[in-house]
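Contents: one structure, followed by commentary.
The values are calculated or read from the model by the stated rules, or taken from the named source; none is laboratory data. Everything quoted here is computed from the prediction, not taken from an experiment. Every residue, glycine as well, gets a Cβ built from its backbone with ideal geometry; the counts of neighbours run over all protein chains shown.
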């Protein structure tokens, strides 16, 4: 009853009831994998959140078929929204993404938009991958977070993107850092006689791009 009274008050004041009534912070989910020369990024976003910031032509209350048709119809609009907010770089060079698949997902009883993006990089998928995630933070929900799991060559893990943590953790260390340099030197000495360290792994599991290791 209280919710109805508040909505009526918002309507009487001429305020957008959907925006006013929306206060729930939602989580997003990412799965990052590498397939040959393609980086596959499976992104799951709250459907209504995505609808508010894109041109998805579908009413708030809709069937699964209607939502899936809207996702398929406006893949270009979805990509236009995501491109500046989901940036992948390989060895400091930007990768190009395309929307490969879209579908409606149900996660814990909540309707999500499942968006699969395939990224190709000029030098292939073997190198030092960086991900910068900025979806929803600045235009929809500053409290939004995205729970990411990643399976990279020699490096698997989990990380939570948030407004103050937009960069992938494995992209933080730099070879010029004193600690990183020492670690690289030690790793290259230890791994030089093994098959663990190669140009395709680049010491991902150590969170460092060890140039020495690939020599």
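Summary table
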| read-out | value |
| --- | --- |
| Filtered residues of the range 143-171 (kept if part of a strand (DSSP E or B) and either more than 13 Å from the chain's Cα centre (by Cα) or not assigned by TED's automatic domain parsing to the domain that holds residue 115 (or both)) | 151, 152, 155, 156, 157 |
| Residue within the range 97-107 that is assigned by TED's automatic domain parsing to the domain that holds residue 36, surrounded by 14 or more Cβ atoms within 10 Å (Cβ to Cβ), over 23 Å from residue 26 (Cβ atoms) and at pLDDT 95 or above present | yes |
| Filtered residues of the range 40-93 (kept if touching a strand residue (DSSP E or B) at 6+ places or on another chain (Cβ under 9 Å), assigned to a strand (DSSP E or B) and surrounded by fewer than 19 Cβ atoms within 10 Å (Cβ to Cβ)) | 40, 42, 87, 89 |
| Single match in 125, 162 (criterion: at pLDDT 50 or above and over 17 Å from residue 40 (Cβ atoms)) | 162 |
| Hits in the range 115-136 - residues which are part of a strand (DSSP E or B) and surrounded by fewer than 19 Cβ atoms within 10 Å (Cβ to Cβ) | 116, 118, 120, 132 |
